[in-house]
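Novice: I have a structure I would like to understand better, so I am pasting it below and will then ask my questions one at a time.
The values are calculated or read from the model by the stated rules, or taken from the named source; none is laboratory data. A quick note: this is a predicted structure, and the numbers were derived from the prediction, not measured. Cβ sites come from the backbone with ideal geometry, for glycine too, and all protein chains shown count toward neighbours.
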Amino acid sequence: MFEEIETWWRSNQQDGKASVIFAYAMGKAQRLIASLSPEIGPIFTHGAVEKINAVYRAEGVPLSETELATNAPRKTDWSQALIVAPPSAMGSPWLKRFGRQSTAMVSGWMRVRGIRRRRSIDRGFVLSDHADWPGLLRAIAASGAQQVLATHGYAAVVSRYLREQGLAADAIETRFLGEDGSSEPSAEEE
């Protein structure tokens, strides 16, 4: 799938278009950034993505080099760039700075027929971070975590089960509810 994204990015470069790809700001965007070749071109980010990138880097997670899009020089050649933004930036004035562009989205939702068309994006790439119950429990056990904070989905159920198994666990509320971007920071909050 990452090779398909790189092919789309290169094709946009040849067509003189900026490549704007929407990905959930916490986790999905970093997985994307870590998996793409920085030799293709510069990778710019929306502020919501870059804030999480800083946390990942501070914890030692290797990510390709990125630059906050708002810090780019006025004369930046966006046609060579990949711009990673949260879904909440779709259709926002923030996107105008990039000129001619092709848009894509990375999400498990891209597997659902009609989503790409309804979101008015050019390409959809399927990447899901969801696990079934046994897979989720295996991942938690393999992590060696002393405490688990569940943030969306069936967070209360997961945290209660983990507590019953003797692990410190809680459900926490965040403004990030899911991949649809409905509770992501606005494009102006970058």
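Novice: Give me a count of the residues in region 67-86 that are in contact with a strand residue (DSSP E or B) (Cβ under 7 Å, 6 or more places away or on another chain) and either crowded, with 22+ Cβ neighbours inside 10 Å or under 16 Å from Arg10 (Cβ atoms) (or both). If you could, list the steps in order and put the result at the bottom.
Specialist: If we filter region 67-86 for residues that are in contact with a strand residue (DSSP E or B) (Cβ under 7 Å, 6 or more places away or on another chain), which is where we start, we get 67-69, 72, 78-79, 81-86.
Restricting the remaining residues to those that are either crowded, with 22+ Cβ neighbours inside 10 Å or under 16 Å from Arg10 (Cβ atoms) (or both) gives 69, 78-79, 81-86.
Residues flagged as in contact with a strand residue (DSSP E or B) (Cβ under 7 Å, 6 or more places away or on another chain) and either crowded, with 22+ Cβ neighbours inside 10 Å or under 16 Å from Arg10 (Cβ atoms) (or both) within region 67-86 amount to 9.
Novice: Can you find a residue that is in contact with a His (Cβ under 8 Å, 6 or more places away or on another chain) and either within 15 Å of Asp129 (Cβ to Cβ) or touching a residue at least 60 places away in the same chain (Cβ under 8 Å) (or both) anywhere in region 24-35?
Specialist: Taking region 24-35 as the starting set, the residues that turn out to be in contact with a His (Cβ under 8 Å, 6 or more places away or on another chain) are 25.
After this cut, where a residue has to be either within 15 Å of Asp129 (Cβ to Cβ) or touching a residue at least 60 places away in the same chain (Cβ under 8 Å) (or both) as well, the list is 25.
Among the residues of region 24-35, at least one is in contact with a His (Cβ under 8 Å, 6 or more places away or on another chain) and either within 15 Å of Asp129 (Cβ to Cβ) or touching a residue at least 60 places away in the same chain (Cβ under 8 Å) (or both), which makes the answer yes.
Novice: Answer with yes or no whether Ser35 is under 12 Å from Val106 (Cβ atoms), hydroxyl-bearing (Ser, Thr, Tyr) and surrounded by fewer than 24 Cβ atoms within 10 Å (Cβ to Cβ).
Specialist: Details: under 12 Å from Val106 (Cβ atoms): yes; hydroxyl-bearing (Ser, Thr, Tyr): yes; surrounded by fewer than 24 Cβ atoms within 10 Å (Cβ to Cβ): yes.
The answer is yes for Ser35.
Novice: Which of (1) surrounded by fewer than 22 Cβ atoms within 10 Å (Cβ to Cβ); (2) among the hydrophobic types (A, V, I, L, M, F, W, C); (3) within 21 Å of Arg111 (Cα to Cα) is the odd one out, the single condition Ala29 does not satisfy?
Specialist: Against the list (1) surrounded by fewer than 22 Cβ atoms within 10 Å (Cβ to Cβ); (2) among the hydrophobic types (A, V, I, L, M, F, W, C); (3) within 21 Å of Arg111 (Cα to Cα), Ala29 comes up short only on (1).
Novice: Among the residues of region 139-164, which ones are exposed (fewer than 13 other Cβ atoms within 10 Å of the Cβ), part of a helix (DSSP H, G or I) and modelled with pLDDT of 90 or more?
Specialist: Listed by number, the residues that qualify are Ala141, Ala142, Ser143, Glu164.
Novice: Would you list the helices (runs of 4 or more DSSP H) that sit entirely within region 1-68 and hold 3 or more residues that are within 30 Å of Thr174 (Cβ to Cβ)? So that I can check it myself, show each step before the final result.
Specialist: Details: elements: 2-14, 28-35, 47-58.
It comes to 28-35, 47-58.
Novice: Sort through Arg57, Arg31 and tell me the only one that's at pLDDT 95 or above and of a type outside the set (Gly, Ala, Ser). Can you show your working first?
Specialist: Details: Arg31 fails: at pLDDT 95 or above.
Matching residue, one of Arg57, Arg31: Arg57.
Novice: Right, something else. Give me the residue from region 69-87 that is polar (S, T, N, Q) and assigned to a helix (DSSP H, G or I) and, out of that set, nearest to Glu39 (Cα to Cα).
Specialist: Selected residue: Gln80.
Novice: Out of (1) closer than 16 Å to Ala104 by Cα; (2) in contact (Cβ under 8 Å) with a residue 24 or more places away in the chain; (3) among the polar types (S, T, N, Q), the odd one out for Thr66 is which?
Specialist: (1)
Novice: Looking at region 88-108, which of its residues are assigned to a loop (DSSP other than H, G, I, E, B), closer than 17 Å to Lys17 by Cβ and of a type in the set (S, T, N, Q)?
Specialist: None; the set is empty.
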